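The values are calculated or read from the model by the stated rules, or taken from the named source; none is laboratory data. Predicted model only: the values in this text are computed from it and were never measured. Positions of Cβ are generated from backbone atoms using ideal geometry, with glycine treated the same way; all protein chains shown enter the neighbour counts.
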Amino acid sequence: MFNRNLAVFITLAALALASPARAESGVCRDPWVTQAIQQVTGRSPDGSADLGECNYRLYGGGQWNSYPDLLNKVRVAFAARQQQSPAAAYKGVCRDAWVTQAIREVAGRNPNGTADLGECNYKLYGGGQWNSYPDLVNKVRVAFGVQVPQPSPPAPRQPTPQELAAGNFVDAAYTRLLQRAADPGGRNDFINRMLNKGWSPEDVWTAIAQSQERLQRFGFWAPAKAAYSGHRELCFGAIGPKCDGAPKSNPVWVDKFIRPDGVEMGYIQIQVSVGSILHDNSCLRVGGQYCDGLPAGIAADAYPLFKYMQPSALEWNKAVYNTIDNRFWTATFGPYPTNKGLMNQFSDDLTPASNRTALMAPIMGYVASPYPAIPYTLGETRQTLALKARAGTAVDRGDAAYCASGSYREDGNALVQKFWGVCN
């Protein structure tokens, strides 16, 4: 009996064999051939069934032992096709496989070209020179006008709490002692000393206070936890012992601040005279008259004539009369710790220096001559050299060098002269 269904199947099969062009385009009869062409070219085959690129006989004569073997034969066939006739090579496959791959990666499509033509022209990319596949990809990006991704800079290392604390202290020391911001090199050096070499905050403060830069810029070192030949002095050159003041000399704390290590510091404004400068310097060198402070009472001053035979007596006498005659000015010292115990561990710069010209009055019994005539010669310190009277300050005749301007104007005439001048 005739089987109608079998007849229909045979008829359709015959039609398919007779008209392979009706098969689906881009799909070969052998699925391995389809897959291999897609893998090599990155596209579907230009053909169908066994026609065009789907003709299995193009690849090793239609003989292969495995899929990898077929894949290799497809590569050989397409490479030979490009070598024989670049124009006949399939569009979208470059002679250089890296160029093909790079264009696909950058543009998301096959190249508009073939062999070495169009976008496949390798000289378009860095002049045909690249060091690696990533380098080629970047050159393709440049040629296609695609922004080349820049590597993100590594995130800066965050300082530790200890580094932050040390850095804050160094910054404060530079600001207060040098009146400038810390440079990165110096800042890092001091931080390293604090964290790795056992330096205390006070060590850093002293090093900056006694630095060459401080000396060059200000003429003297800032107060620091130090001693000079065993001596420590505060408000050196001011009227009264240390910063304690005396009649007409009233010390005032100003511009207080707290260092990052918790130590409160400040500056002291106090009165200064030429006589107090000379007396402090004389006491530092030879001791003598009232160098340890004012007497406790009348009994301590029982021999008024004898006292004027002691060292520093002329300087003391000048300091007293400068105060009585209002021949003084206000100066600022510091910074010092406000805590008395810590403050007494500090000292001004007592480095010896040559003295300026100044005259002292000779003493005659219980009184002194009104005419300063004896030159002071014992020297000063770098700290006191910075103490200079502003314009309008009265100073003894012969003391013009202590005016900030270096000169004063004298009143009177040849017959009647005053015993002082006023700083210009």
Over segment 222-243, the set of residues more than 14 Å from T351 (Cβ to Cβ) and either in contact (Cβ under 8 Å) with a residue 24 or more places away in the chain or not in a loop (DSSP other than H, G, I, E, B) (or both) is K225, L234, C235, A238, I239, G240, P241, C243
Would you call E202 in contact with a strand residue (DSSP E or B) (Cβ under 9 Å, 6 or more places away or on another chain), touching a residue at least 12 places away in the same chain (Cβ under 8 Å) and of a type outside the set (G, A, S)?
yes
| query | In segment 127-134, is there at least one residue being closer than 22 Å to Q38 by Cβ and touching a strand residue (DSSP E or B) at 6+ places or on another chain (Cβ under 6 Å)? | reply | no
Per the list (1) small (G, A, S); (2) over 30 Å from G293 (Cα atoms); (3) touching a strand residue (DSSP E or B) at 6+ places or on another chain (Cβ under 6 Å), residue check on A209 breaks on (2)
Taking segment 176-187 and the residues there that are under 14 Å from the mean Cα position of the chain (by Cα) and surrounded by 13 or more Cβ atoms within 10 Å (Cβ to Cβ), the one that is farthest from Q216 (Cα to Cα) would be R187
Of the listed residues (L215, L278), the one being closer than 30 Å to I363 by Cα and hydrophobic (A, V, I, L, M, F, W, C) is L278
Those residues of segment 107-137 which are under 30 Å from P45 (Cα atoms), in a helix (DSSP H, G or I) and either under 38 Å from the mean Cα position of the chain (by Cα) or of a type in the set (F, W, Y) (or both) amount to Y122, Y133, P134
Exception for M194 within (1) within 30 Å of R81 (Cα to Cα); (2) touching a Ser or Thr at 6+ places or on another chain (Cβ under 8 Å); (3) part of a helix (DSSP H, G or I) falls at (1)
Any residue at all in segment 148-165 that's outside any loop (DSSP other than H, G, I, E, B), in contact with a Phe, Trp or Tyr (Cβ under 9 Å, 6 or more places away or on another chain) and of a type outside the set (A, V, I, L, M)? no
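Here is a yes/no grid of residues against (1) more than 20 Å from I324 (Cα to Cα); (2) touching a strand residue (DSSP E or B) at 6+ places or on another chain (Cβ under 7 Å); (3) at pLDDT below 95:
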position: P251; (1), (2), (3): no, yes, no
position: G262; (1), (2), (3): yes, no, no
position: I268; (1), (2), (3): yes, yes, no
position: H279; (1), (2), (3): no, no, no
position: D292; (1), (2), (3): yes, no, yes
position: P295; (1), (2), (3): no, no, yes
position: A299; (1), (2), (3): yes, no, yes
position: L305; (1), (2), (3): yes, no, yes
position: Y308; (1), (2), (3): no, yes, yes
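To keep it simple, each residue is scored yes or no on (1) outside the structural domain of R259 (by TED's automatic domain parsing); (2) free of Cβ contacts under 8 Å to residues at least 24 places away in the same chain; (3) over 30 Å from D96 (Cα atoms); (4) β-branched (V, I, T).
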position: P134; (1), (2), (3), (4): yes, yes, no, no
position: V140; (1), (2), (3), (4): yes, no, no, yes
position: Q150; (1), (2), (3), (4): yes, yes, no, no
position: P153; (1), (2), (3), (4): yes, yes, yes, no
position: F169; (1), (2), (3), (4): yes, no, yes, no
position: T175; (1), (2), (3), (4): yes, yes, yes, yes
position: L178; (1), (2), (3), (4): yes, no, yes, no
Of (1) over 30 Å from D183 (Cα atoms); (2) aliphatic (A, V, I, L, M); (3) at pLDDT 90 or above, A166 satisfies every one except (1)
Residue hits (segment 386-400; in a strand (DSSP E or B) and among the charged types (D, E, K, R)) are D396
